[in-house]
Structures are given as structure tokens and as C-alpha cells.
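For reference, the structure discussed in these notes is given below.
The values are calculated or read from the model by the stated rules, or taken from the named source; none is laboratory data. Bear in mind the structure is a predicted one, so any value in this text is a computation, not a measurement. All Cβ positions, glycine included, derive from the backbone under ideal geometry; neighbour counts span all protein chains shown.
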Amino acid sequence: MEKNKFGILGGMGPFATSVFFERIIEQTKASKDQEHLDIMILNHATLPDRTALIMNHEKEPFIKKVQKDMQLFEYAQVANIAIPCNTSHYFYEDIQRSTNIPVIHMVRSTAEYVANIIGVNKKIAVLATDGTIQSGVYQQELEKLDLEQYTLPEDIQKKIMNIIYGVKSDIDFETDELDFIIHDLIEKHDCAIVILACTELSTVKLNKKSKQVCIDALDVLVRESIIRSNKQLKNDLLNE
């Protein structure tokens with residue numbers, strides 16, 4: 001396998017996948033085409049809704065379809081795979097068992113990055129789909145690192161879901177509400193940092209103040225993808 005040949009299982013959602021691809025290009029240090037990553041993108045938009053499956057305690061409909069995607073990646077001989085969808089990591093162990101190709105654990109990488117920059121025994125706000133929250137994937141990874149996931153009040157979680165599905169239905173979706181939510185979580189709910197744990201939220205423009213207290217899981221995945229592909233980062237978005 002070529003060290004810089006990379007696989008992306010996307011389509012969850014398609015706009016977030018395109019943003020992920022663009023950020024990899026933007027953040028790879030390269031002076032010509034040949035210094036970028038060779039990337040195979042499977043934009044599998046018809047995969048079942050992850051949140052609905054988690055709420056119904058179902059895995060098989062998703063795993064069966066993803067197994068076929070893994071076979072395509074194996075045929076293409078990619079060295080690593082990224083899945084730019086936080087919620088899908090509820091199925092991570094099943095996905096990894098279906099292939100010998102390393103699949104980057106987006107959630108674990110994000111939790112580890114947060115722990116490295118803020119230390120332990122801190123309260124973390126996780127902005128994600130109902131499915132991601134219900135699955136406990138972030139809670140488990142944060143607790144391993146002595147960090148606490150703050151349980152969002154029901155009204156805030158509902159607003160987050162409205163923003164996420166607003167982006168899914170309209171790629172030009174804009175709102176200031178996410179900035180207000182982030183500000184309140186830091187100032188009124190005593191959270192040390194906010195994780196943007198849904199790739200749709202990664203596409204929403206934030207003000208400077210919000211960016212300073214947020215870690216975007218998509219940026220963590222971009223960083224990990226470039227490093228694992230033996231390429232250099234142009235600018236580390238997470239350290240700006």
C-alpha cells in the first residue's frame with residue numbers, strides 16, 4: 001500500500017464531506033499536485049440515518065452497507081481510512097473488524113487532543129446529534145482521560161439538532177445561534193471547552209470569540225489524516 005493513498009468514507013453528510021476534503025488540501029504542505037495525498041472518496045449518501053439507528057438500537061442496516069465500502073477501499077489499497085461523521089463512531093468497532101485497513105477513530109483522537117491542551121478534571125460541552133449523545137461515544141472517551149462530558153439542557157440540545165438539520169437541508173444555512181450557545185456554555189454553565197462533535201456544525205461560521213473556546217473534531221480528523229499519510233501540515237488549525 002502507498003503511504004499517502006488515503007480513503008474517505010463520506011456522505012454523512014455530503015456537504016461536510018466536501019469541507020473535510022477541502023481542509024485536507026488546504027492544510028497539506030505542498031508546492032505541486034504530486035505532493036498532495038492520493039484520496040479515494042466514497043460519498044455514500046444513502047447510508048441509513050445514524051441517529052435513527054442508534055435510537056432504535058440497530059446496527060446491522062448500517063454495517064452491512066459499510067462492509068461493501070471497506071471492500072472497495074481494500075481493492076484500492078488505501079493505507080488509512082477516515083470517516084468524517086462523529087455519530088458513525090458508535091459503529092466503530094464493527095467497522096474496524098470488517099477491514100484490516102486502520103480506520104482513524106475521530107472521537108478518540110478528539111478527546112485525546114482536548115486532554116493534551118486543557119489537562120484533566122474539566123467539564124466539556126459536546127455539541128452533537130442526539131444519536132452521538134445517546135451512544136455515549138464521547139462520554140466514554142472523555143472519561144478514560146478524566147474529563148467530564150457536560151449534559152446539555154434539553155432546550156439547548158434541541159437547538160443544536162435544529163442547526164444540524166438546517167445545514168443538512170441547506171448548504172447556505174447561516175445562524176448566529178451557535179455562537180450564543182457556545183458563549184452560554186462557557187460563561188453560564190462553567191464548561192472549560194466546547195467540542196464541535198458534528199461535521200455539520202463544522203460548516204457553520206463562528207465568530208472569533210467562539211473559535212477560541214472550541215475544538216472542531218473535523219479539524220482533529222484533518223490533522224490526523226495528514227500526519228498518518230506521512231505529509232506535513234501547512235498550518236495547524238488547532239493551534240492558531
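Quick rundown of the values:
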| read-out | value |
| --- | --- |
| The range 117-155 - residue that is touching a residue at least 24 places away in the same chain (Cβ under 8 Å) and among the hydroxyl-bearing types (Ser, Thr, Tyr) and, of those, farthest from Phe91 (Cα to Cα) | Tyr150 |
| Helices (runs of 4 or more DSSP H) within the range 173-240 that include 2 or more residues under 12 Å from the mean Cα position of the chain (by Cα) | 217-228 |
| Out of Asn230, Asn162, Asn207, Asn235, sole residue that is at positive phi and of a type in the set (S, T, N, Q) | Asn230 |
| Residue among Val120, Val137 that is buried (at least 21 other Cβ atoms within 10 Å of the Cβ), over 21 Å from Ser18 (Cα atoms) and assigned by TED's automatic domain parsing to the domain that holds Glu200 | Val137 |
| Matching residues, the range 14-40, being β-branched (Val, Ile, Thr) and under 19 Å from Asn230 (Cα atoms) | Ile24, Ile25, Thr28, Ile39 |
| Residue list for the range 59-74, restricted to those being of a type in the set (S, T, N, Q) and surrounded by 14 or more Cβ atoms within 10 Å (Cβ to Cβ) | Gln67 |
| Selected residue [assigned by TED's automatic domain parsing to the domain that holds Ala125, at pLDDT below 95, closer than 30 Å to Ile39 by Cβ and polar (S, T, N, Q)] from Ser169, Ser210 | Ser169 |
| Boolean, Asp49 is under 18 Å from the mean Cα position of the chain (by Cα) and surrounded by fewer than 18 Cβ atoms within 10 Å (Cβ to Cβ) | yes |
| Residue in the range 24-40 that is touching an Asp or Glu at 6+ places or on another chain (Cβ under 9 Å), buried (at least 16 other Cβ atoms within 10 Å of the Cβ) and within 26 Å of Asp170 (Cβ to Cβ) present | no |
| Tabulated pairs, the range 35-60, first in the same structural domain as Met161 (by TED's automatic domain parsing), second in a loop (DSSP other than H, G, I, E, B) and among the acidic types (Asp, Glu), C-beta under 8 angstrom, 6+ apart or interchain | none |
| Residue in the range 68-83 that is in contact (Cβ under 8 Å) with a residue 24 or more places away in the chain and of a type in the set (Asp, Glu) present | yes |
